[in-house]
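The values are calculated or read from the model by the stated rules, or taken from the named source; none is laboratory data. These numbers come from a predicted model, not from an experiment. Please note: Cβ atoms are built from the backbone with ideal geometry, for glycine as well, and neighbour counts cover all protein chains shown. Remember, those area values only see protein heavy atoms, side chains included, never the ligands or the DNA or RNA. Shrake-Rupley method; radii C 1.70, N 1.55, O 1.52, S 1.80 Å.
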Amino acid sequence: MLSILVQKELKNILLSPKFFATFLVCSILILISVFIGINEYKNSVVQFETNQLIAQQDVEQASSWMQVRNIAHRKPTPMQIFVSGLHFDVGRLSGISTFNDVKLVRSPYSDETLFAIFRFIDFAFIVQVVLSLFAILFTYDAINGERENGTLKLAFSNPVSRVQYLFAKFTGTWLGLIVPLLIPILIGLLLLILSGVPVTSSDWISIGSLIALSLLYITFFIGIGLFISAITRKSSLSFLLLLVIWISGVLILPRMGVMAAGQLVSIESVAQLEAKQEAFERARWEDYSAEISETWQARNQEMEGMDEDERRAYRDEKEWEWLEVDDAARKRVQSDIIENNRMLMEESQNKKKVQEQLAFNLARISPVSSFRLAAMNLAGTDIDLKRRYEESMRRYKDDFTEFTQKKQAESGNSGGFRIEVDSNEGVKLDFGRNDQTLDTSEMPQYSAPIVQAGTTLGNSILDFGLLIVFIIATFGGSFLAFLRYDMR
Amino acid sequence: MNNETIKQAPLLEARNLTKVYEDGVKALDNLQLRVHPGEIFAMLGGNGAGKTTTINLFLDFIQPTSGHAFINGIDANADPLEAKKNVAFVSENVQLYPNFTAMQNVDFFVRLGGRHQYKRSDYEAALVRVGLQREAFDKKLKDFSKGMRQKCGIAIAILKDAPAILLDEPTSGLDPKAGKEFTRLVGDLRDEGKAILMSTHDIFRAKEISDHVGILNGGVLVAQKTNAELKGVNLEQLYVEYMAGYMEETLETGPLTNNLT
Ligand SMILES: Nc1ncnc2c1ncn2[C@@H]1O[C@H](COP(=O)(O)OP(=O)(O)O)[C@@H](O)[C@H]1O
Ligand SMILES: [Mg+2]
């Protein structure tokens, strides 16, 4: 009995005129997106490698280790083909130097603004927007359409149980929509393999999980379609309702969640943070120059009453001592500033995390948000992409700074610079310069943070769970509604 | 014939069947009727008389307010799945899946009815029997006329081969020729031993083939006559008079409902 009903649902979908059109559209979209994604990925790999080479050459050509301006680059991942996520929005590189904080700049979209306008169509977008719409298109009249047609009455003049009927309806619709969908997906994966993109086993796990996630997501829309068609009598009404649900679920609720969180937890902008940091820095340097001038006044007082020769002798005698004292004071200022920057940054990032969590949790009233968040998590193009890179770049910066200081010391330089404060010439900085190219063979190399599929899967567990809960709710609702459905 | 059939158990039976809709409309009031194997019971009545309500109660599409509808002795509302094994149904406007061909539709509904043994040739034979043109067998239903759809509907009922058949105004909207053919087919099914409950507006055809005629008015079975009792009676006049509601006392025989209980 069940198989008769399932077969009929399958046949009904496959024979319907809208099926061929939607199947064609989906297939073409998925294949094009994978194809373009692969090209985009390959281009970004070429760019990544070229930029790394250039950065390397720049480092080699620097005249001293203190002069080196190193750059760390964000590494493209094959997963961005399927879920571009924040890939196009996060900067591609950051300068690595002792006195500047790590900051990712030059995102792909900031370099090529044209593409930012309509944004990249990836697999996740197609599933999120196009396939969910198709799922609704195939289910909005699943129950009430059969009532309107009169086929429901004829079917139920036979010994058919309602539970069986609805279960078959779901199974048939699911198979009819999902199986054809797997065809372009598999072709897309084949394309990925043939194009020679290096896909690690961890990536494969992520891709598999992404496909499973997409199936869950579409299942939810099949469920909501069934549910709405089982609580309404007219398919025109259920279509309208579903359209409203789709628009709010896909386009509005996720944004509302994020906007609401923005209103509820206010955090300072990057500009505000930087202004705060700069203000501290300025104040600290002002303190420092006041301190220095006091010190010098004290030193001058010590020399009061001496004649010119005595003064010179005294100065020569004290020079290194004074220099060390001044240097220590300067270093204190610098470490204070770095410490303060770190503290402010951490504070702001903690606040940001609170805001993010709130935003995501609010957005999660729509399962669309769960899909999106989990998809980006799986692909590693999630909100933490920037943080992950900045953290690993900061660690690298520390290694790098340590290394350059060691090198600088080895090359016979104090590693600092000499500051002379002169009433005529003002402050004068003096670096110890030398003119050979640098041997970078021992220099630590930056390597991108690796996120294993296990971790990303763990991070997406909540969203997988939520999707499943939503699916169960829609199916439970459909069954309850259909058990009481008036067939006439 | 009457004596003989009464001994047999009725295949379709309404016992004190009453339906009051949620909005308070009393669509059926204490209906009593029995249809035995080899009988056609024609329910006559205007729009809103309660004919479709009766048939919906037999099919468990609605629940009775009180009373019972039995199919082959099984309470249709207590054990609908078992009851529906014993009944085939043709609605006043048979609707099938528009994207399926006649064959595919027949195949689906017949197998849903629990008949898996048929081959294509059996389906063809049934469709030929109901008078569907061969060219239409593999055409999609969306191009079918109402008459063609009714033919598919009766073919499905024939193939289900259930002992009882419910027909809800099956000939309304058909042209006279198609209506006549349909009626002849129903008569044949009766002759094969089916118990048939048919609602209709068509007084003449009802009189022509029915074993019993019941007149339903406002949910009340105001008259019930056997074919023998109708010999020489102007059924049209009787119908109109009953519908007007003033013949009950003057007609000697009175509603046959009393004889049944
Ligand atoms: N779902 C319903 N809710 C309320 N009243 C109904 C419903 N269905 C039918 N009725 C009423 O019940 C009466 C009998 O209807 P019906 O059985 O369809 O008549 P018929 O088939 O003889 O034309 C009518 O007055 C109709 O308006
Ligand atoms: Mg009716």
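Between the stretch B:1-74 and the stretch A:378-414, the C-alpha centres lie 86 angstrom from each other. Short-range pairs are left out: with C-alpha atoms under 8 Å and at least six residues apart, the relative contact order of chain B is 25 percent.
Using alpha carbons only, how many degrees (0 to 90, rounded to 10) separate the axis of helix A:2-15 from the longest principal axis of chain A? Between helix and principal axis, roughly 70 degrees.
Charge dipole (Cα centre; +1 on Lys/Arg Cβ, -1 on Asp/Glu Cβ; no other charges) of the protein assembly as shown amounts to roughly 4560 debye. Phi angles of the stretch A:236-244 translate, via the Karplus equation with coefficients 6.51, -1.76, 1.60 and θ = phi - 60°, into HN-Hα couplings of 5, 5, 5, 4, 4, 4, 5, 5, 5 Hz per residue; Gly and Pro are given as x. Just how many % of Cα pairs in the protein assembly as shown lie over 33 Å apart, if you round to the nearest whole percent? Cα-Cα pairs of the protein assembly as shown separated by over 33 Å account for 66 percent. If you sort the three axes of the alpha carbon gyration tensor as a ≥ b ≥ c, you get a/c of 1.5 or more for the stretch B:57-186 and a/b above b/c, which makes it prolate. Protection proxy ranking of B:120-132, A:272-284, B:8-20, by the mean of other Cβ atoms within 10 Å over each peptide's residues and highest first, is B:8-20, B:120-132, A:272-284. Here the Karplus relation 6.51 cos²θ - 1.76 cosθ + 1.60, evaluated at θ = phi - 60°, turns the backbone of the stretch B:116-122 into coupling constants of 10, 7, 6, 9, 4, 4, 5 Hz, with x for every Gly and Pro.
Along the axis of the charge dipole computed for the protein assembly as shown (Cβ charges of +1 for Lys and Arg, -1 for Asp and Glu, origin at the Cα centre), the listed residues A:S441, A:A409, A:T200 are led at the positive end by A:T200.
If you take all other residues with their beta carbon under 14 Å from the beta carbon of A:R387, and give Lys and Arg +1 and Asp and Glu -1, the sum is +1. Over all orientations, the stretch B:1-96 has a Cα convex hull whose mean projected area works out to 7.1 square nanometres. With K and R counted +1 and D and E -1, the other residues having a Cβ less than 12 Å from that of A:A329 yield a net charge of -3.
Within 10 Å of the Cβ of each residue in A:10-23, the mean number of Cβ atoms contributed by other protein chains is 2. Ranking A:F88, A:M1, A:I468 by Cα position along the charge dipole of chain A, where only Lys, Arg, Asp and Glu carry charges on their C-beta atoms, puts A:M1 farthest toward the positive end. The H on the amide N of A:L93, modeled in the peptide plane, is under 5 Å from the matching H of A:R74, A:V105, each at least 5 residues off or on a different chain. Annotation: A:S201 carries an accessible surface of approximately 90 Å², with a 1.4 Å probe and no ligand, DNA or RNA atoms counted. Considering only the other residues whose Cβ falls under 10 Å of the Cβ of B:D60, what net charge follows from Lys and Arg at +1 and Asp and Glu at -1? Counting the neighbours of B:D60, the net charge comes to -1. Here the spin labels are modelled as points 7 Å beyond Cα on the Cα-Cβ line, and at A:A409 and A:Y314 they lie 3.5 nm apart. Over the stretch B:151-196, one equal point on each Cα, no solvent: what is log10 I(q)/I(0) by the Debye formula at q = 0.16, 0.18, 0.21, 0.31 Å⁻¹? The Cα Debye sum returns log10 ratios of -0.40, -0.51, -0.69, -1.32.
Overall, the stretch A:38-133 carries a charge dipole of about 100 debye about its Cα centre when +1 sits on the Cβ of Lys and Arg and -1 on the Cβ of Asp and Glu, all other atoms neutral. Note on the stretch A:262-401: Lys pairs 8 or more places apart or on different chains, Cα atoms under 23 Å apart, count 12. For the segment B:85-91, counting C-beta atoms of other chains within 10 Å of every residue's C-beta and taking the mean gives 3. Annotation for the stretch A:37-82 versus the stretch B:134-158: alpha-carbon center distance of 70 Å. A simple spin-label model places pseudo-atoms 7 Å from Cα toward Cβ; at A:R119 and A:L182 they are separated by 3.0 nm. Ordering B:L166, B:M103, B:L238 by Cα displacement along the dipole of chain B toward the positive end leaves B:M103 in first place; charges were set at the Cβ atoms of Lys, Arg (+1) and Asp, Glu (-1). In the complete set of protein chains, residue-level accessible area for A:E148 is approximately 80 Å², probe 1.4 angstrom. Placing pseudo-labels 7 Å out from each Cα toward the beta carbon at A:L194 and B:Q8 gives an inter-label distance of 6.9 nm.
Classify the stretch A:181-306: rounded, prolate or oblate, from the alpha-carbon gyration tensor (a ≥ b ≥ c, eigenvalue square roots; a/c under 1.5 rounded; otherwise prolate if a/b is larger than b/c)? Since a/c reaches 1.5 but b/c is at least a/b, the shape of the stretch A:181-306 is classed as oblate.
Taking amide H positions as modeled 1.01 Å from N, with prolines and chain starts lacking one, the residues under 5 Å from B:V220 and 5 or more places away or on another chain are B:D29.
Derived scalar couplings between HN and Hα for the stretch A:75-85 equal 8, x, 10, x, 5, 5, 4, 8, 10, 5, x Hz in order, rounded to whole Hz, by the Karplus curve 6.51 cos²θ - 1.76 cosθ + 1.60 (θ = phi - 60°), x for Gly and Pro. Compute for chains B and A the buried accessible surface, both sides summed, probe 1.4 Å, and express it in Å² to the nearest 100. Result for this pair: about 2500 Å² buried. Working note: 222 nm ellipticity from helices only, DSSP H runs with n ≥ 4, each -39,500 (n - 2.57), summed and divided by the residues of chain B, gives -10500 deg cm²/dmol to the nearest 500. Excluding ligands, DNA and RNA, the accessible surface per residue across the stretch B:61-158 is 39 Å² with a 1.4 Å probe.
Cross-link partners of B:K84 among lysines, defined as those whose alpha carbon lies under 17 angstrom from its own and excluding same-chain residues fewer than eight positions apart: A:K153, B:K160, B:K194.
Note on the stretch A:223-304: with charges restricted to the Cβ of Lys and Arg (+1) and Asp and Glu (-1), its dipole about the Cα centre is near 1440 debye. Could you tell me the center-to-center distance, by alpha carbons, between the stretch A:104-177 and the stretch A:316-346 in angstrom? The distance from the Cα centre of the stretch A:104-177 to that of the stretch A:316-346 comes to 63 Å. Based on C-alpha pairs under 8 angstrom that are at least 6 apart in sequence, chain A has a relative contact order of 27 percent.
Secondary-structure-derived ellipticity at 222 nm for chain A, considering helices only, amounts to -24000 deg cm²/dmol, per-run term -39500 (n - 2.57) for DSSP H runs with n ≥ 4.
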